[in-house]
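Report on the structure given below.
The values are calculated or read from the model by the stated rules, or taken from the named source; none is laboratory data. It should be emphasised that the depicted structure is a prediction, and the values quoted were computed from it without experimental measurement. Heads up, the Cβs are rebuilt from the backbone with ideal geometry, glycines too, and the neighbour counts pull from every protein chain shown.
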Amino acid sequence: MDKKLGHTPSGSEQDWELELSDPTRIDEYITLYNQGNLTISERRALIALLLSALNAIFEIALPPEQVLDETRKIICRDHSIYADILEDWVADELDDFDVSPYLRSIMNTILNE
């Protein structure tokens, strides 16, 4: 995944998805995910980057509607692949991330289908 995105990790990152995600590249993350040709491991890595970048955007302002719509589609389509990653972002309502309420609304939709 690092090669596909042009990342040059140092190898000492503890939370690499937080350290290497870039909110200015969120459209690139979405495009790469939607192009397919990714292994399950790559999709898991990419969703981790995407959610971290989305959280960084939510910290500043509401993300563009297109980003929210595309992210929702990705999560609804493949949520079973990375349910554990999603759970990390929504698990503790007392210590929310900025993106948590948005992700909870998607998960509620999935659970009610």
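Checking each residue in region 52-83 for being under 15 Å from Ile110 (Cβ atoms) and assigned to a helix (DSSP H, G or I) picks out Thr71, Arg72, Lys73, Ile74, Ile75, Cys76, Arg77, Asp78, His79, Ser80, Ile81, Ala83. Of all the residues in region 63-113, those that are closer than 18 Å to Ile26 by Cβ and among the polar types (S, T, N, Q) number 3. The set of residues in region 87-99 being modelled with pLDDT under 95 and either buried (at least 16 other Cβ atoms within 10 Å of the Cβ) or not in a loop (DSSP other than H, G, I, E, B) (or both) consists of Glu87, Asp88, Trp89, Val90, Glu93, Leu94, Asp95, Phe97.
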